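*Asks:* I am attaching a structure below and will ask some questions about it afterwards.
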Amino acid sequence: MVIKMVWNREILYINLSTGKISSRTVPKIIRTRYLGGRGVNMYMLFNHLTPKTDPLSPDNVLLVGAGLLAGIPCLGSGRCDIGAKSPLTGAVGDSNIGGFFAPELRFAGFDHIVITGKTSKPVYLLIKNRDIQIKDASHIWGQDTFETQKIIRQDEDDENIKSLVIGAAGENLVKFANVRTGMKNSAGRTGMGCVMGSKNLKAIAVRGTTTLEFTHPDELLEYCKQMNTMITSTRWAKAQSRWGTMIIYSNTNTTGLIRTKNFQLNQLEEGQDLEPENIDKYSIGTSGCYGCAVHCRHRYVLKEGPYAPLYGEGPEYTSLGAFGTMVNCNKMETILVANHLVNKYGVDTLETGGLIAWAMELYEKGIINDKATDGLKLEWGNEEAVYEMIRKITYREGFGNILADGFKAAITKIGSESKYYAIQIKGMSNLHSDERPTPSFALGIATSTRGADHLRSRPAIDMYGLPEELLEEVYGGHVASDYNSYDGKDRMVWWQELLYAVTDSIGVCKFQTVFCAVHAPQWKEFSNLINLTTGLNFSKNQLMEIGERIYTIERLFNSREGFSRKDDNLPERYFKEPTTLGLSAARNKKISMEKFNKMLDGYYKLHSWDSNGVPTRESLKKLDLDHEPSNLV
Amino acid sequence: MRRRLTLQKMLVIDPEKCTGCRLCETACSIHNEKTCEPERARIHITKWENEGIYIPIVCQQCDIPICETVCPMHAVKRDPETHAVIIDSELCVGCRLCVQFCPFGGVGVDDKTKRIIKCDLCNGEPVCVEFCQPEALQYINATTLNMRKRRAAAEKFSEHLKKMLRANY
Ligand code: SF4
Ligand code: SF4
C-alpha cells in the first residue's frame, strides 16, 4: 500500500448517475489552506456547485470529510464533517459527526468522499480499502438507522464495518433528515440526510486496514496523553463524563436561559425530573467516541412502559430542550423515548422539537386548529402528541408533511401570522437556549453561516465569570466579563468562529477545546498536534488565517445564494418580549436592536467584510480567495 | 517455567467501565508498531453496538498459561520482571496453536507480518492503562484484595457475556 502518511490520504469521487469512481491525493496546497474535514468540504462545496443549484437535484454534492487529525489517541479525534447545499436553508449545509466512521475511512486510505449524481434504485456504497462498490440496498431501504448498520455488518460478515446511514426521514426527503453512525452519533443539522436520500444512497459503509503513519509517533503518543489529562482535569469535562451535556440543563434552567413553551418562558417550572441525575436509574454506563477520554453520553435502557424494552444512547442537552422544555414536557422518560425515536428515524432532534413547539404555540393561539393537525391535540406537555408528530413528520403524513419541509415552507403554507412565533434564522430552528440575556450567543446564532446554530461559535466563556485581563489575553482584545454586556462580544464570536472552523477541520471534538475551559486545548495545542501528526508547521496566526479563510468561503457561498446582512438577524421576539423568569441576570432581558446592530458592524469589521456582510476584495486577496472558484480538487 | 512468589502487578479489566473509545487500541498500536492501526494492537474492544456492550479483550498473563502448554516449540516464556507471558520470536514457528487455544483471545496474528503478537505489559508500564480514563483497565498489585477484585471483574465479565448472548433488553 503506497498511502502511508496522514496527509497522503485520498479524495474519492463517486458519480452515482454514471457509476464512475476515481480518486486522487489531497494536494498539499489544499491541506495548507484548508487542513481537512469541514475546511476542505467547504472549499469543495463552493467550487463544485453553480449558484442556485437545487439542493435535491443530482447536481448537489454530498461531501464526507475526515478531520486532518482523525485517528490520533486524544481529544475525540473521530470526527467527520458532512457538507452539501442545505435543502432546509438553501445556504451552506454542514454538519459534524463523531463516532468511529472518520478514522475507519482514513484506515481505508481516504479522507474525503465526493458524491454527485443519483441512482435510480436504492444503493449503498461499500469501501474496503481500495475495493469500492456501489451495492443494491433494496433490502435495507425502509430499515431504521440501527438495523441498517447491523444488516450491513452481517451481510459483509464483519463486525468492524462503520457506516453512515439514513433512516426513514432521509428516504422520505424530510428537509432536516440527518446522517447517523453508531447508536448515537448524528450529523443532525442542515438536512444532510435529505440530500443523501435524494441520491437514493442509503448508506456509506467502510472498512480500512491500511497503515496510517504519523511523523513523530513516540512524541505524539506522549503529547496525546498530556492532552487527555489536560482536558479530563477540567471541571466541565469531569461533569460531562458523569452526566453528558445534560449537565448544562442544571445551570441554564436554574438561571433562566432555556426557552420553554416554544419561546413564552425562559425556565421550565417543575422541571426537576429533567435534572441529569435522573438518568442514573436508566443508565448502564457511559459511552465515548473514537479517541475520547470524556465519554459524554449514557447508554440507557428503558425496561418498563409502552415503549420498553428499548436501548438508546444520550440524551443530549439538545433533546432535553427539544422534547422537554420547548414542548413543556417535564419527564425524563419522555425525553428518552423521543430521543430514541428521532435517532431511529434519522431526523434532527433539534429541528423536530423546534417545529413541534412552534406548532403547539400556533395551536394554543388558534392559528391552527384540530382540522389542521389531523385531530391531534397539540397541547403543551402532551407527550403522546410529540411522539406522534415525530412519526408523522418522518413519514410525511398529514400535518407532519407540512412541518417536514421546515420553517420557511411551513410558514408559507400556514400563513404569515405564524411567522412571528417561529424561532428560526435563515430557515433553521434555534436550539432551546434563550439568548435574550446573552448578547454574545445572540450574535452567534444570528451570524452563523448555516442558520440559527450555537455550534459555529458557542461563545460561552463569558459565562464563567473570568477576569477581563484573562479574556483579553485569550481574545486579543477587550471582552466584558459580564455576560449581559454587549461589549467586545463581536470579537468573542468572531474569534470562536475561527477556532471552531479549525476544530471541525482537524476533526477533534469541540467539547475538548475552550468550549469547556479557558485553559483547555486551542491554537497552540492544535498546532503541536498537527506538527507531530503530519510534520506540517502552523503558527497560531496561520491557523487563525485558515479559520478566517474557511469561514469566509462559507460566507462567499451564502452571498452567492443571495444571503447578506438582512439574514444575520434574530427573530422579532428577541427585540420585543423581555424574559420573565429566572435569576436577576436572566430576568427582564431582551436584545436591544441598536446595540445588536452595533455588535454586527463590529463583527463584520473583524472579519474584514463590508457593512452588508459581504467579503471585500482586499480581504479575499489576503486569504488567497480572490480567484475562486479555483477548482483544485 | 518457574512460578514467582513475590508480589506482582496485574492487568485487571472491568468491562462495565469501558466506554468503547478505543484509546487503548490506538495507543497500543502506536506504541508497538509506531503506526496507527488498531487492527494490529495487542488489545481489542469487542462491541455489541446495538446492545451497548463493550468488552476489552487482552491477554490475562495466566499463572498457568494455556498458550505455553500447547506450544510445541517451547517459545512461550515468562518475563521475570513483569511476569508477562512472552513469545520468543526466534523459537516461534507460527503454528498458531496458542491463538487457537487461548480462552481469552489473548494471542493474535499480525495480518501484515504474519507474526504472532500478544501483550507484553509494555515492560511493566502498560500504555493502554495510561490512556484508559474510566479505569476499565487497571494495572495493580496482585494482593489478595486485588485478586478478589480481579475475580469480581471476571465474574462481571462473564455476566456481560451472558447478557450479550441474551441481548434483548
Ligand atoms: S481505553 Fe478503556 S474505556 Fe476506552 S476502549 Fe479501552 S478499555 Fe474501554
Ligand atoms: S495468551 Fe491467553 S493463555 Fe496465554 S497467558 Fe495470555 S490469556 Fe493466558
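The values are calculated or read from the model by the stated rules, or taken from the named source; none is laboratory data. These numbers come from a predicted model, not from an experiment. Heads up, the Cβs are rebuilt from the backbone with ideal geometry, glycines too, and the neighbour counts pull from every protein chain shown. Side chains are part of the model used for accessible areas, which takes the heavy atoms of the whole protein and leaves out ligands, DNA and RNA. Shrake-Rupley method; radii C 1.70, N 1.55, O 1.52, S 1.80 Å.
*Asks:* On a straight-distance basis, which aspartates and glutamates could pair with A:Lys605 in a cross-link, Cα separation under 13 angstrom, same-chain partners fewer than 8 positions away excluded?
*Replies:* A:Asp490, A:Glu548, A:Glu618
*Asks:* Which value at 222 nm does chain A reach when only helices count, each DSSP H run of 4 or more adding -39,500 (n - 2.57), with the total divided by all residues and rounded to the nearest 500 deg cm²/dmol? Mind dumping the intermediate values first?
*Replies:* Values: 23 runs with 236 residues, N = 633.
Value at 222 nm, helices only: -11000 deg cm²/dmol.
*Asks:* Sticking with this one: Report the charge-dipole magnitude of region B:9-143 in Debye, nearest 20, computed about the Cα centre from +1 at each Lys and Arg Cβ and -1 at each Asp and Glu Cβ.
*Replies:* On the way: 14 positive and 20 negative charges, 61 e Å.
Dipole size: approximately 300 debye.
*Asks:* Within straight cross-link reach of A:Lys413, meaning Cα distance under 14 Å, which aspartates and glutamates are found once same-chain residues fewer than 8 apart are removed?
*Replies:* List returned: A:Asp405.
*Asks:* Treating only the Cβ of Lys, Arg, Asp and Glu as charged (+1, +1, -1, -1), what charge dipole size does the protein assembly as shown show about its Cα centre? Round to the nearest 20 debye.
*Replies:* Numbers: 99 positive and 95 negative charges, 207 e Å.
Around 1000 debye, computed over the protein assembly as shown.
*Asks:* Excluding residues on the same chain fewer than 8 positions from B:Lys112, give the lysines whose Cα lies under 19 Å from its Cα.
*Replies:* A:Lys4, A:Lys128, B:Lys34
*Asks:* What's the longest bit of chain A with no exposed GluC sites (Glu not before Pro), using DSSP loop states and at most 10 other Cβ atoms within 10 Å as the test?
*Replies:* Details: sites that count: A:Glu270, A:Glu304.
It runs A:305-633.
*Asks:* Turning to a different aspect of this structure: Using just the C-alpha positions of region A:475-565 as equal point scatterers, what log10 of I(q)/I(0) does the Debye formula give at each q in 0.18 1/Å?
*Replies:* -0.90
*Asks:* A further question on this structure: Over region A:248-429, consider all pairs of different Cα atoms and compute the Kirkwood hydrodynamic radius from their mean reciprocal separation; express it in Å, one decimal.
*Replies:* Roughly 16.7 Å, rounded to one decimal.
*Asks:* Ok, one more. As a test of the definition: which semi-axes, in Å, follow for region A:2-213 when you take the square root of five times each eigenvalue of its alpha carbon gyration tensor? Largest first, please. Kindly include the intermediate steps, with their values, before the conclusion.
*Replies:* Working: eigenvalues 103, 84, 50 Å².
The equivalent ellipsoid of region A:2-213 has semi-axes of 23, 20, 16 Å.
*Asks:* Also: Listed here are the pairs A:Lys392/A:Lys426; A:Lys85/A:Lys261; A:Lys85/A:Lys135; which of them are more than 27 Å apart at the Cα? List each step's numbers first, then the result.
*Replies:* Numbers: A:Lys392/A:Lys426 24 Å; A:Lys85/A:Lys261 31 Å; A:Lys85/A:Lys135 25 Å.
Correct reply: A:Lys85/A:Lys261.
*Asks:* I want to verify the translational diffusion coefficient of region A:13-118 in µm²/s; compute it with Stokes-Einstein, Rh as the Kirkwood radius over Cα pairs, at 37 °C and 0.692 mPa s. It would help to have the intermediate numbers written out before the result.
*Replies:* Values: Rh = 14.1 Å.
Answer, rounded: 232 µm²/s.
*Asks:* With all distinct Cα pairs included, what does the Kirkwood hydrodynamic radius of region A:554-633 come out to in Å, to one decimal, could you say?
*Replies:* Working: mean 1/r = 0.0664 Å⁻¹.
Radius from the Kirkwood sum: 15.1 Å.
*Asks:* How many Å² of accessible area per residue for region B:1-92, probe 1.4 Å? Spell out each step's value before the answer.
*Replies:* Values: 3990 Å² over 92 residues.
Each residue of region B:1-92 exposes 43 Å² on average to a 1.4 Å probe.
*Asks:* Multiply the residue separation of A:Asp280 and A:Asp482 by 0.36 nm, subtract the distance between their alpha-carbon atoms, and state the gained length in nm to one decimal. Numbers along the way, then the final one.
*Replies:* Numbers: separation 202, 0.36 × 202 = 72.72 nm, distance 3.46 nm.
Taking A:Asp280 through A:Asp482 to full extension adds about 69.3 nm, to one decimal.
*Asks:* What is the ratio of the Cα radius of gyration of chain A to 2.2 N^0.38 Å, where N is its residue count, to two decimals? List each step's numbers first, then the result.
*Replies:* Details: Rg = 22.6 Å, N = 633, 2.2 N^0.38 = 25.5 Å.
Chain A yields a ratio of 0.89.
*Asks:* Need one number for region A:454-498: average projected area of the convex hull over its C-alpha atoms, nm². Intermediate values should be presented prior to the final figure.
*Replies:* Working: hull surface 11.1 nm².
Taking the Cα atoms of region A:454-498, their convex hull projects to 2.8 nm² on average.
*Asks:* Select from B:Ile55, B:Ile13, B:Ile66 the residue whose mean-square fluctuation is largest in a Gaussian network model of chain B (Cα-Cα springs shorter than 10 Å).
*Replies:* Greatest mean-square fluctuation among the candidates belongs to B:Ile66.
*Asks:* What's the center-to-center distance, using Cα atoms, between region A:35-95 and region B:1-74 in Å?
*Replies:* For region A:35-95 versus region B:1-74, the Cα centre distance is 38 Å.
*Asks:* Please compute one quarter of the surface area of the Cα convex hull for region A:439-622 and express it in square nanometres. Before the final figure, lay out each step's value.
*Replies:* Numbers: hull surface 43.6 nm².
Seen from a random direction, the Cα hull of region A:439-622 projects 10.9 nm² on average.
*Asks:* Going through region A:333-371, which trypsin sites (Lys or Arg not before Pro) have at most 13 other Cβ atoms within 10 Å and a DSSP loop state? Working shown, then result.
*Replies:* Working: sites: A:Lys344, A:Lys365, A:Lys371; in loops: A:Lys365, A:Lys371.
Taking region A:333-371 and a limit of 13 other Cβ atoms within 10 Å, the loop trypsin sites (Lys or Arg not before Pro) found are A:Lys365, A:Lys371.
*Asks:* Based on Cα coordinates alone, diagonalise the gyration tensor for region B:1-118, multiply each eigenvalue by 5, take square roots, and list the semi-axes in whole Å, largest first. Numbers along the way, then the final one.
*Replies:* Working: eigenvalues 120, 64, 38 Å².
They are 24, 18, 14 Å, listed from largest to smallest.
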